[in-house]
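Here the structure comes first, spelled out in structure tokens, and everything after it is commentary.
Rule-based calculations on the coordinates, nothing more; no lab input. Since the model is a prediction, treat every value here as computed from it, not as a measurement. Neighbour counts are summed over all protein chains in view; Cβ atoms, including those assigned to glycine, are modelled from backbone coordinates with ideal geometry.
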Amino acid sequence: MASVEMIKEEAATGKVKEIYGDIKESIGIDFVPNMYKVMARNPAYLEASWNKIRALMNEQRKLDELTKAIIALTVSTMNGCSYCIEVYTGAVRKYGLYDDGLTEVAAVIDLFNGLNKFNTGLDVEMDEEPWFGCGGH
């Protein structure tokens, strides 16, 4: 349960109601996710957040939708946000990444989380020569 009362769809008016309609249409669902209902306590914040989400997630630029969903799932996992983990696990499945792919994403998160902690904990200095990647690629 959210720490603040959500603005339910039937109680939404004005700009919030308009944004709720755009959220449902853009995502292609028939309800407003709870995250936005909580944001609606501050309509200007809801609007700014929704505009940012639309600009980055709903328009394909250099990254496709699956790549963006994998990044979102990774960040959500690293931050421990169960709400977002569930949302973006569903998103990556929607874009065609299923059990084997999700397991690979989790393994890569584990790998780099460990490598980051190792390098940070031991204050490993940067190499004199640049190199990229961690395998034979």
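Let me spell out the model: positive unit charges on the Cβ of Lys and Arg, negative unit charges on the Cβ of Asp and Glu, origin at the Cα centre of the chain. What dipole size does that give, in debye rounded to 20? Spell out each step's value before the answer.
Working: 14 positive and 21 negative charges, 145 e Å.
I would put it at about 700 debye.
Using a Cα-Cα cut-off of under 19 Å, which lysines could be cross-linked to residue 62, ignoring same-chain neighbours fewer than 8 residues away?
52
Under a Cβ-Cβ cut-off of 15 Å, what is the net charge of the residues other than residue 32 that fall near it, where Lys and Arg count +1 and Asp and Glu count -1? Kindly include the intermediate steps, with their values, before the conclusion.
Values: positive: 8, 15, 17, 24, 37, 41, 54; negative: 5, 9, 10, 18, 22, 25, 30, 47.
Combined, the nearby Lys, Arg, Asp and Glu give -1.
With the dipole of the chain worked out from charges on the C-beta (+1 for Lys and Arg, -1 for Asp and Glu) around the Cα centre, which of 42, 71, 114 lies farthest toward the positive end?
Positive-end residue among those listed: 42.
Straight-line reach from residue 17: which lysines have Cα under 17 Å away, leaving out those fewer than 8 places along the same chain?
8, 37
What net charge is computed for the residues neighbouring residue 86, neighbours being all others with C-beta under 14 Å from the C-beta of residue 86, Lys and Arg scored +1, Asp and Glu -1? Display every interim value, and only then the final one.
Working: positive: 93, 94; negative: none.
Net local charge, residue 86 excluded: +2.
Note down the relative contact order for region 1-59 as a percent, whole number, built from C-alpha pairs under 8 angstrom at least six residues apart.
Details: 36 pairs, mean separation 23.7, N = 59.
For region 1-59, the relative contact order is 40 percent.
For region 44-96, which GluC sites (Glu not before Pro) are both in a DSSP coil and crowded by at most 11 other Cβ atoms within 10 Å? Mind dumping the intermediate values first?
Working: sites: 47, 59, 65, 86; in loops: 59.
Here the sparse-neighbourhood loop sites are 59.
Summing Lys, Arg as +1 and Asp, Glu as -1, what charge do residues with Cβ under 12 Å from the Cβ of residue 69 carry, residue 69 excluded? It would help to have the intermediate numbers written out before the result.
Working: positive: 68, 93, 94; negative: 64, 65.
That works out to +1.
Using a Gaussian network model on the chain with a 10 Å cutoff between Cα atoms, which of 32, 124, 75 fluctuates the most?
124
³J(HN,Hα) across region 111-120 via Karplus (A = 6.51, B = -1.76, C = 1.60, θ = phi - 60°), whole Hz, x for Gly/Pro?
4, 6, 4, x, 4, 4, 5, 4, 5, 5
List the residues, sorted by chain then number, that are 5 or more residues from residue 97 or on another chain and whose placed amide H is less than 5 Å from its amide H.
Here the answer is none, since no amide H 5 or more places off falls under 5 Å of that of residue 97.
Give me 17, 37, 8, 68 sorted ascending by neighbouring Cβ count inside 10 Å, so fewest comes first.
Placing the least packed residue first, the sequence is 8, 17, 68, 37.
Can you give the Kirkwood hydrodynamic radius of region 1-121 from its Cα pairs, in Å with one decimal?
On the way: mean 1/r = 0.0623 Å⁻¹.
For region 1-121, the Kirkwood estimate is 16.0 Å.
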